[in-house]
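The values are calculated or read from the model by the stated rules, or taken from the named source; none is laboratory data. Quick caveat, the model's predicted, so the values are computed rather than measured. Cβ sites come from the backbone with ideal geometry, for glycine too, and all protein chains shown count toward neighbours.
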Amino acid sequence: MSNTIKPALPGRRGDRLAGKVAVVTGIGAGIGRGIALMYAQQGAAVIGCDIDAAGAQATADAAAAQGLAIDSLHPLDLTDPAASRRLMAHAADRHGGIDILVNAAAFGAFAWLEEMDFERDWKRTMAGEVDVVFLACQAAWPHLKHRGASVINFASANARMALPLSPALAHCAGKGAVLAMSRQLAMEGGPLGIRVNTISPALVETAATKFPLENIPGFREQVMTKFMIKRTGQPEDIGWLAIYLGSDESSWVTAADFNIDAGATAW
Ligand SMILES: NC(=O)c1ccc[n+]([C@@H]2O[C@H](COP(=O)([O-])OP(=O)(O)OC[C@H]3O[C@@H](n4cnc5c(N)ncnc54)[C@H](O)[C@@H]3O)[C@@H](O)[C@H]2O)c1
């Protein structure tokens, strides 16, 4: 990496989310873990969850090592409507309400069209990328509407563009759905004081992207050809925007989609 390219800015202590109660899904890895830790550093009370109990516990332990607390329910499967409701009720009961919902949890299966199995790949991706966002928003809504709250969903560069070498058919459909759903939710939430925005990252180095980066020949190079800034993303690159969108700094921002993608979708 050229030394003129800045690395991701690490999280640091501050008070940008002081007094906020934030539910962050998918804290067991990657972007959800990064946001949970950065939110706690900025003074939010964080309630997390993950289907992967060990991953979520590692995040809670990492917070404790910094003298911070993350309250986590794990294992918890967000494709189960009752589990989603349990998470939101826990946050509201134990912490007095919900101000921010970050829907970072997702599961997507990658396969080319002719190899894609309807049940194993396609339907699991729709549940893992679309149902989880719908169910979490629906379960959180009654708790959010009294608080002037912020919902942050994850679309993707893949909601707008295809990447050569990436068998992302179901993922593209899932993230397109999240993008469209979030716009509608913003419209429904506006009169209630609930803001809803999406973040659309290009490739961020996480558990989800480790496999293609390490196993598909030429994949990293293909990704890099689209990046105007020649490094991959890190969870902290996303975390700083999530802090802004969760805070009152963004109180006039809703129905917006934020590309954090090193310029990949601009040309
Ligand atoms: N990493 C990227 O390059 C990238 C790019 C665009 C969009 N995104 C989106 O950003 C979000 C975070 O991505 P990431 O790369 O950190 O993913 P990740 O796979 O590294 O982490 C996702 C976490 O969600 C959890 N999870 C999955 N399904 C769950 C369920 N049903 N219930 C509870 N927990 C569940 C996983 O166990 C995991 O800990 C996702 O919505 C993803 O689609 C990521």
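Out of curiosity, is Glu249 within 21 Å of Leu17 (Cβ to Cβ) and of a type in the set (Asp, Glu)?
Details: within 21 Å of Leu17 (Cβ to Cβ): yes; of a type in the set (Asp, Glu): yes.
Against the criterion (within 21 Å of Leu17 (Cβ to Cβ) and of a type in the set (Asp, Glu)), Glu249 qualifies.
Restricting Ala92, Ala65, Ala54 to residues that are within 13 Å of the ligand (Cβ to nearest atom), surrounded by fewer than 24 Cβ atoms within 10 Å (Cβ to Cβ) and of a type outside the set (D, E, K, R) narrows the list to Ala54. Scanning the range 151-172 for residues being aliphatic (A, V, I, L, M) and more than 12 Å from the ligand (Cβ to nearest atom) gives a total of 4. Just so you know, in the range 195-211 the residues that are over 12 Å from Gly30 (Cα atoms) and modelled with pLDDT of 95 or more include one that is farthest from the ligand (Cβ to nearest atom), and it is Arg195. Filtered by the rule that a residue be modelled with pLDDT under 95 and under 19 Å from Ala91 (Cβ atoms), the range 147-193 gives Arg147, Gly148. For Ala106, the requirement of being more than 17 Å from Ala22 (Cβ to Cβ), crowded, with 16+ Cβ neighbours inside 10 Å and either more than 9 Å from the ligand (Cβ to nearest atom) or small (Gly, Ala, Ser) (or both) is met. On the stretch given as the range 225-240, residues that are among the hydroxyl-bearing types (Ser, Thr, Tyr) and either within 12 Å of the ligand (Cβ to nearest atom) or surrounded by 18 or more Cβ atoms within 10 Å (Cβ to Cβ) (or both) total 1.
If a residue must be more than 16 Å from the ligand (Cβ to nearest atom) and farther than 20 Å from Arg85 by Cα, how many such residues does the range 21-51 contain? Let's see the steps before the verdict.
The initial filter retains those residues of the range 21-51 that are more than 16 Å from the ligand (Cβ to nearest atom), namely 21, 40-45.
With farther than 20 Å from Arg85 by Cα added as a condition, the list becomes 40-44.
Residues flagged as more than 16 Å from the ligand (Cβ to nearest atom) and farther than 20 Å from Arg85 by Cα within the range 21-51 amount to 5.
Screening Thr59 with (1) within 12 Å of the ligand (Cβ to nearest atom); (2) of a type outside the set (A, V, I, L, M, F, W, C); (3) farther than 30 Å from Lys230 by Cβ; (4) in contact with a Lys or Arg (Cβ under 6 Å, 6 or more places away or on another chain) gives one miss only, at (3). For the range 18-58, the set of residues classified as within 19 Å of Ala140 (Cβ to Cβ) and among the charged types (D, E, K, R) consists of Lys20, Asp50, listed by residue number. Candidates in the range 177-214 are the residues that are among the charged types (D, E, K, R) and farther than 30 Å from Ser166 by Cα; of these, the one that is surrounded by the fewest Cβ atoms within 10 Å (Cβ to Cβ) is Glu188.
Residues are listed down the side, and each one gets a yes or a no for (1) assigned to a loop (DSSP other than H, G, I, E, B); (2) of a type in the set (Lys, Arg); (3) modelled with pLDDT of 95 or more:
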{"site": "Met1", "(1), (2), (3)": "yes, no, no"}
{"site": "Thr4", "(1), (2), (3)": "yes, no, no"}
{"site": "Arg12", "(1), (2), (3)": "yes, yes, yes"}
{"site": "Leu17", "(1), (2), (3)": "yes, no, yes"}
{"site": "Gly55", "(1), (2), (3)": "no, no, yes"}
